[in-house]
Amino acid sequence: MNKYYIETFGCQMNVHESEKLAGLMEERGLVLAPAASEADVIIFNTCCIRDTAEKKIEGYIGELKALKRSNPDKILAVTGCMTQQVGRAEALKKRFPFIDIILGTANQYDISEKIDELLSLKKRRAQIDISFCDSPRVREDVPVCRTSFPNAWVNIMYGCNNFCTYCIVPYVRGRERSRAKSDILGEIRSLTDKGYAEITLLGQNVDSYGSDFKDGTNFYKLLKDISEIDGKFRVRFMTSHPKDISEEVIKIIAETPNFCKNVHLPVQAGSDAVLKAMNRKYTRSRYLELIDLIRKYMPDCGITTDVMVGFPGETDADFEDTVDLIERVRFQNAFTFVYSPRAGTPAALMEQVAPEVKKERITRLVALQNRISDEISSEYLNKTEEILVEDAPRDGVLVGRTDSGRLVSFHGEKSLIGSFVNVRITSNKASALFGERVENG
Ligand code: 5AD
Ligand code: SF4
């Protein structure tokens, strides 16, 4: 056994957890294979936030059947959120009997031990372990093999206590658990020392960081300590919750040069009736007040959101409220979703909106947001922006992000990855920006 391959589905949290699974594989002496077909260990780190995600994953797992038949020694492991749903691991095993290991969100880092167990058996028997408790311990002992230089993902907390009525996350990831502040600060210092130029703090609800310690630790105090770390690097974070984000958090982002003027604040819906049915615990007017507050302290802040159509009971008037809110706020970008019933969540039992109505609404919403994103893009024309170079997708072409989070493409050498350069924006196409490098000055 010498090669591994990881296919990751879902959010940044999963992307980072895959970096830890990769760390565990490298610790065993395996190296990354360029494709699943060349790997001895294939890991699927899964998501179940919407039905579309699960269908896609099942499709990919199905494709591995032929590969496993031609080489039964390959090990196929399925980990993460999808497996943690009630009855899902058994159903997966039944449908795809060639899966060797299934691990849930609380024990996926036991993968190495499970591989050893599997290899010690005379006749292979699937290792399925999705044991779960609501508050699994925070593990600081897992090696990380980072894949997103110059950005580094840093978890600050795990789980969620909010139980939005549409959302499966609290059921598959358990209650909020924060990492100790000293561990987070130590990790950030060591990353910036190694040249990582962007730190993205991750949590399902970063604004409630520390509340489980019950000693006054909070997200603002964490940001304050991070703001005191020397060096030039960017800090972003996701995801904030409108019911919890505080004025002092908004102020410290505004006042700290290293903190990106970029806030992701999911609104989900623009109607009070729908927000209430979603258990979001804020109103439309409170959300709009927060937007005003962010813009008061940071007029150029790139504000992005998540928004959903077709939540059970959403009327035409409710949907018009969402359209109106999107027009008022003018988000830099919005991730738009069609509500997808998730078994075990309260909303799955409510009266559903007809599929054709959902389709009409999402089409309208996407067109509206595209127009707004395009208009906001044009406002960047001729401006010079500081860009952190993140990647070179083609020879001589670089991409990076503005402080506000917009992606910009321009010409330059690959060696610039990880550096800050000044770029004048020369054109735009929908939400993509194009520019040319100007001397840093
Ligand atoms: N259906 C559709 N979208 C969902 N999201 C969460 N649960 C669902 C669901 N059941 C969306 C929310 C959340 C984002 C990560 O995914 O908008 O903010
Ligand atoms: Fe899901 Fe709501 Fe928790 Fe976000 S805050 S993870 S949408 S339950």
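The values are calculated or read from the model by the stated rules, or taken from the named source; none is laboratory data. Here the structure is a predicted model, which means the values were calculated and not measured. Positions of Cβ are generated from backbone atoms using ideal geometry, with glycine treated the same way; all protein chains shown enter the neighbour counts. When the accessible area is computed, the model is the full protein with side chains, heavy atoms only, and any ligands, DNA or RNA have been set aside. Shrake-Rupley method; radii C 1.70, N 1.55, O 1.52, S 1.80 Å.
Residue 323 versus residue 381, label points 7 Å from Cα toward the beta carbon: distance in nm?
Result for the modelled spin labels: 2.8 nm.
Tell me the accessible surface of residue 109 in square angstrom (1.4 angstrom probe, heavy atoms of protein chains only), to the nearest ten.
Counting only protein heavy atoms, the figure is 30 Å².
Determine how large the accessible area of residue 55 is when every protein chain is in place; take a 1.4 Å probe and give Å² rounded to the nearest 10.
Approximately 120 Å² of residue 55 is accessible to the 1.4 Å probe.
Send over a whole-number figure in Å² for the accessible area per residue of region 148-260, probe 1.4 Å. Don't skip to the answer; put the middle values down first.
Working: 3980 Å² over 113 residues.
Per-residue accessible area for region 148-260 comes out at 35 Å².
Taking a ≥ b ≥ c as the square roots of the eigenvalues of the Cα gyration tensor of region 3-129, is the shape rounded (a/c under 1.5), prolate (a/b larger than b/c) or oblate? Present the calculation step by step, with values, prior to reporting the outcome.
Numbers: a/c = 1.32, a/b = 1.15, b/c = 1.15.
The shape class here is rounded.
Tell me the GluC sites (Glu not before Pro) within region 130-195 that lie in a loop according to DSSP and have at most 11 other beta-carbon atoms within 10 Å.
Working: sites: 140, 176, 187; in loops: 140, 176.
When the GluC sites (Glu not before Pro) of region 130-195 are filtered for loop state and at most 11 Cβ neighbours within 10 Å, 140 remain.
Is any residue of region 313-337 close enough, with backbone N under 16 Å, to a label point placed 7 angstrom from the Cα of residue 357 along the Cα-Cβ axis, and if so, which?
Only 313-323 pass the distance filter.
Ignoring ligands, DNA and RNA, what percent of the 1.4 Å accessible area of region 163-270 is carbon and sulfur? Intermediate results must be reported in sequence, preceding the final value.
Details: 1840 of 3790 Å².
Carbon plus sulfur share of accessible area: 49 percent.
Given 261/383; 276/296; 93/114, which pairs have Cα atoms separated by over 21 Å?
276/296
With the dipole of the chain worked out from charges on the C-beta (+1 for Lys and Arg, -1 for Asp and Glu) around the Cα centre, which of 203, 331, 218 lies farthest toward the positive end?
In the chain, that residue is 203.
Summing +1 for each Lys or Arg and -1 for each Asp or Glu, what net charge is found among the other residues whose Cβ lies under 15 Å from the Cβ of residue 139?
Details: positive: 20, 137, 173, 177, 179; negative: 17, 19, 27, 110, 113, 140, 141, 183, 187.
For residues surrounding residue 139, the net value is -4.
Give me the net charge of residue 13's neighbourhood, meaning all other residues with Cβ under 12 Å from the Cβ of residue 13; Lys, Arg count +1, Asp, Glu -1. Let's see the in-between values first.
Values: positive: 20, 173; negative: 17, 19.
Taking every Cβ under 12 Å from that of residue 13, the sum is 0.
Which peptide among 163-171, 85-93 comes first, and what is the full order, when sorted by highest mean count of other Cβ atoms within 10 Å? Don't jump to the answer; show the numbers that get you there.
Numbers: 163-171: 20.0, 85-93: 16.4.
Result, highest mean first: 163-171, 85-93.
With a ≥ b ≥ c taken as the square roots of the eigenvalues of the C-alpha gyration tensor of region 202-289, please select rounded if a/c is under 1.5 and otherwise prolate if a/b is larger than b/c or oblate if it is not? Please list the in-between numbers first.
Values: a/c = 2.58, a/b = 1.73, b/c = 1.49.
Taking the square roots of the gyration eigenvalues as a ≥ b ≥ c, region 202-289 is prolate.
Residue by residue through region 416-431, which ³J(HN,Hα) values in whole Hz follow from phi under the Karplus form 6.51 cos²θ - 1.76 cosθ + 1.60 (θ = phi - 60°), with glycine and proline marked x?
7, 4, x, 9, 9, 10, 9, 10, 8, 7, 10, 7, 8, 9, 6, 8
If I stretch the segment between residue 215 and residue 227 completely, what's the gain in nm (0.36 nm per residue apart, minus their alpha carbon distance), one decimal? Write out the running numbers ahead of the final one.
On the way: separation 12, 0.36 × 12 = 4.32 nm, distance 2.10 nm.
Answer, rounded to one decimal: 2.2 nm.
Quote the charge dipole size of the chain about the Cα centre in Debye, to the nearest 20; the model charges only the Cβ of Lys and Arg (+1) and of Asp and Glu (-1). Please list the in-between numbers first.
Values: 61 positive and 64 negative charges, 199 e Å.
For the chain, the charge dipole is close to 960 debye.
Run the dipole for region 384-438 about the Cα centre, Lys and Arg Cβ at +1, Asp and Glu Cβ at -1, nothing else charged, and hand back the magnitude in debye, nearest 20.
Numbers: 7 positive and 8 negative charges, 34 e Å.
I would put it at about 160 debye.
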